[in-house]
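Note sheet for the following structure.
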Amino acid sequence: MKKQIYSYQELAQHLVHQANNSQDIYLTDCKFLFDIKMSELALLSTLLADKIIHRAINIRNCQFKKIEINDTTFEKSITIVSSSFQEIYVYSSIFHQEIRIVDSNSTCLFLRYCEFHNNVSLEYNPKQITHIVDIDDCVFDKSVEFSNLLMSEAGEDITYNRPSSFEIYGEDTIIKHNLIIRDSLFIGSTLDIRCDIGKEFQLYSINDVDNESIKIKGYIGTLRLHASRIASLNIIQCNFATIDIANSTIQDIIESKLQCVRMTNDAALIFRDNAIQHSNPILENEYTAKLYDNLLREKTSTLFSSWIDSIKKRKSYIWGNKKTLYNYLEPIILFFPSMLSGERFLLWLNKYSNDFNRSWTCGIIFTLLSTLVFYFTINYLGTSPQYFVIDFKFQNFDKVLEGYLSLLDIFNISNVAQPMHLTIWGKILLFIAKILIAYGSWQTIYAFYKFKR
């Protein structure tokens, strides 16, 4: 059972007692029922009178409310194990030795104007939601590691009127060695990095979830890198809804098992250039496709900005368990404005005929639907007499299917003769249909080349 501590006086007495018996500060199995301000505690404890703590701090299995630390220097290491904090605020403080947190949790963590001269390792309790990690204008001389974070949109912080987010930013913020984030979930949350990283930014097993509903609904979080200089980005077994990179320099990228729905700003270009640098044609094609995908959306957005902006917000109605109404209507919504520009129309064709050489199944669907549309168009506008009538009784359905197959089989492999009696307009439509069907067939075949070596 945890010992309950109700006031500064009780805590000061505990620290004074330890000063006579140990070279370190130990807090074990304690529950603090008040907010702790280091400045107020210093007034009651000679241990903290000079705002320099010369002893190592070891905390185990403790529960805290709010902790606020200002203008304090820690000369020895800090170790925290299996403890929880509602809020931690650290301002203008210096840490000379290692900080190590194991299997613990802080709902909100704020570090501002601090210096860390040794390694910082924060291993969170993966079962507890962290609302905010906010690091501003801090200098890290060694590596910084976060692991087992669970940040969710369910963790929106009402007090600060801000969504759940992980942010490292500030003009003076620099991480001189490695920033490591591993085995963490950012569900509907943003991983926002705006600083310089001297060596590696390592992302391992981020949003590596098996729950398909999380992936499809786009709850798998965003990686945002703005105004950053990074020597090497290692991104292994990660899954993001969006990767957003702007005004940043990344010298090298090492990636494996990366999944990303959208890349915005400079992200696709940076990843493509890195694939070219590493002579990887598969990734080069993948990120080139994302570039074209962005170009299609941007050019359409330029013409219909207000309309497309509302579409991009994805305010759509849920249809079934996995899909949204927008997913089905997007090709139609983007088709009409693309018709007003030859470049936009080519982008639209490449997007929905084989998803920029990424999907042969998309090519098959495109070909089958194109054939179906022209089959109905020719039947009603280009035949005399009309070849079939829709009566929902499925009479002579085999004949209707035979007509569809004759149109689809432009090379006459099935040896099915054209059964419709075409007018001159029907022959013109048939000519156009064959061009589009041949295009869809070629795009289907060409999509297989994404696996070329």
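Here are the numbers for the structure shown:
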{"read-out": "Spans of helices (runs of 4 or more DSSP H) in the stretch 349-453 with at least 3 residues closer than 30 Å to T288 by Cα and of a type in the set (F, W, Y)", "value": "424-447"}
{"read-out": "The one condition in (1) surrounded by 18 or more Cβ atoms within 10 Å (Cβ to Cβ); (2) at pLDDT 85 or above that S7 fails to fulfil", "value": "(1)"}
{"read-out": "From the options Y387, Y380, residue that is without any contact (Cβ under 8 Å) to a residue 40 or more places away in the chain, open to solvent by 100 Å² or more (accessible area, probe 1.4 Å) and of a type in the set (S, T, Y)", "value": "Y380"}
{"read-out": "Y287, sole failed condition from (1) of a type in the set (F, W, Y); (2) open to solvent by less than 40 Å² (accessible area, probe 1.4 Å); (3) at pLDDT below 75", "value": "(3)"}
{"read-out": "Subset of the stretch 29-76 [open to solvent by 50 Å² or more (accessible area, probe 1.4 Å), modelled with pLDDT of 90 or more and either outside any loop (DSSP other than H, G, I, E, B) or under 17 Å from V102 (Cβ atoms) (or both)]", "value": "D29, K31, R60, N61, Q63, K65, K66"}
{"read-out": "Count of residues meeting criterion [modelled with pLDDT of 95 or more and over 16 Å from L179 (Cα atoms)] in the stretch 211-236", "value": "0"}
{"read-out": "Filtered residues of the stretch 164-186 (kept if open to solvent by less than 30 Å² (accessible area, probe 1.4 Å) and over 15 Å from V139 (Cα atoms))", "value": "S164, S165, F166, I180, I181, S184, F186"}
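Here's the yes/no breakdown for (1) out of contact with any strand residue (DSSP E or B) (no Cβ under 8 Å at 6 or more places or on another chain); (2) surrounded by fewer than 17 Cβ atoms within 10 Å (Cβ to Cβ); (3) assigned to a loop (DSSP other than H, G, I, E, B); (4) of a type in the set (A, V, I, L, M, F, W, C):
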| position | (1), (2), (3), (4) |
| --- | --- |
| I101 | no, no, no, yes |
| S104 | no, no, no, no |
| T107 | no, no, no, no |
| L111 | no, no, no, yes |
| L122 | no, no, no, yes |
| K127 | no, yes, yes, no |
| D134 | no, no, no, no |
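The values are calculated or read from the model by the stated rules, or taken from the named source; none is laboratory data. All values reported here derive from a predicted model rather than from experimental measurement. For neighbour counting, all protein chains shown are included, and Cβ atoms are generated from backbone atoms with ideal geometry for every residue, glycine included. Just so you know, the surface numbers come from the protein's heavy atoms only, side chains and all, with ligands and any DNA or RNA stripped out. Shrake-Rupley method; radii C 1.70, N 1.55, O 1.52, S 1.80 Å.
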